[in-house]
Structure formats: C-alpha cells, structure tokens
Amino acid sequence: MNLPEGFQFSQGSLQDYVDCRRRFYLRYLLGLAWPALESEPAIENERFVRQGARFHRMAQQYLTGVPPERLRALAGEEQLLGWLDNFLQLGPLHWPSVPEARIYPEFSLSAALGGYRLVAKLDALHVTPVAMTIYDWKTSRKLPRRAWLAERLQTRVYPYLLVRAGVQFNGWVSLQPEIVTMVYWFAEAPDQPQRFAYSRAQFEQDETMMLGLLEEIQRLAQAAPGSALRSTGSVKSDVDLERAAAGFDLTARSERCAFCVYRSLCGRGVQAGAEDEGNTEQEGEAGEVFLDFEQVAEIEF
C-alpha cells in the first residue's frame, strides 16, 4: 500500500500521525469517513467551529480592505462580534509599524520534501525589509500552555516552510531563519499573543525531524496490506483493520481517543468527550489533552 497519488503533507496530517498513527492511517490512507462526534455537546461544538471559520473569513476580509463597520454589521452573534472587536482594536498593536510593511492574508506556501510536497496556509504573513512574521488566529476558549504550542507541528512547519519557500519576499534571496517569527493571536485573549522566534539551528532540527517522519510514514504505508480496504472505503471487522493497519498503531495516550471520530472503530469507546474537559492541558493536569477545534476542522490540502 502506498500513499494516495498526489498526496501532500500538511501540519494537520503530520500532527495526526504524531498523535496517533492509526488515525493517520484511517483518515489519509483509507480516506475513511466515520459518523461520530468529536466532542459533546454536539450542537455547541458545531456552532463554535462555525464561528471560528467565520472569524477567520472576517479577519481576511478586513486585511483585504473591507470596512470594519461593514464587518461588524455582518457579525450577528455576540461572541463573533466580540472576537472581531478584539481583532480590530488590539490585533494590529502586535504588528511592527513600518512604512514598507506588507500584509498577505490567507497565504499558501509549498515546498518539496522527501519526495512529497509539504504545504501550509497561513492566516496572515507580515513582511518588512528586516523581518517576517507568521500570524495564526486562534479562537480557543482557553489559552493553551506555551510548552504545548511549542510542541505542535504547526509551530515548526510554518516557519520552516517560509524559510524554504518565501524567497519572493526577500528579493529572491534565501531567507535567514532568524528573521522569521511565529505568532499565535487569541481572539479571547487579544493582549496575550504567543511569539516563537526561529533560528538556523531550529530550521535544521525541523528539517531532520520532518524528513524522518515522511520516510517513516512512507515505509509503513508500503508495508501495510490495506489496498483492498482503501478501494472499498469500508472496514468489515476489527481483524481486517488490525491486519491492514499493521505498523499504524493506536496511540498509547487513550485519553486522546475521546475526541477522535474513530474511537468506536478502534474499540476506544463510543461516547464523545466533553469539550470543557479537553481544554485543561494548559493547567498541566496529567492525562488531559487540549482540544484544538481548529486542528479538528482544518481544511486539508
């Protein structure tokens, strides 16, 4: 079994593999849709994801010139209006005030890596003659710990790709990693952004790590006898799945399964986890996971 033809890696697919190899196998190799909730309460979860998507669109519209008053009139719900006001009032304060600065909203990057393509879609890229800043808007209800953010593949993939594929912003000269910064801006806490400076050492570490992941995934995919399952898009039995997914093991951190749509298929429970229970990792409680709704709802490339 091989990866699907034309498959492109993103921070989301790599994060899925790191979090649970079986989830990667089911989602990307089999392309298996499984009718389960990610979290409870279902209606509130859906509303929250929908509001987050609307906020991202409004941020993009504002950065492309749509007047703030028009966006406020379209916001409708109080929560969305609050996020938008926070963005309008406090978001720009974190952007360096430089006359030559340019902002590129919803900007895509792509580079070849390990025989595949690695892609990313940035919420915004702020470019000056001496610095480049990647912005990612987060609408999480609670702030994640900085250590949790530092470990996420997004924090490593985005700066890496900008260095690899952002030469057009630097006069077609290779970028020095030291001019790149990754910033998470939180709609619920607009004055508490998290900034991550980049470096040559980090760039080299990230490239080695990602190449290792891609080679490992490719090796496991080639060894997995699951082509028949992919062609049918269905799993007939647990035995079939275990045989086909050889090497793509279930995560040892079973608490993550409460927020995975495949939990019943994998024999890890039926009931979805409660959203407020999934947002406690920033408090450092053992065995908890931070539920990133934007990771769950990421648009795949």
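Quick note: the coordinates plus some simple rules give every number you see, no bench work behind them. None of these values were measured; they are calculated from a predicted model. Cβ sites come from the backbone with ideal geometry, for glycine too, and all protein chains shown count toward neighbours.
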At 7 Å along the Cα-to-beta-carbon direction for both Val167 and Val98, put a label point, then send me their distance in nm to one decimal. 2.1
Candidates per chymotrypsin sites (Phe, Trp or Tyr not before Pro) in the stretch 108-196, loop by DSSP, up to 15 other Cβ within 10 Å: Trp172
Virtual spin-label span in nm between Gln176 and Ala73, 7 Å along Cα→Cβ: 4.8
Cβ-derived FRET efficiency at R0 22 Å, Glu106 paired with Arg50, nearest 0.05: 0.75
For the pair Asp249 and Gln8, what calculated FRET efficiency results from E = 1/(1 + (r/R0)^6), where r is the Cβ-Cβ distance and R0 = 25 Å, to the nearest 0.05? 0.55
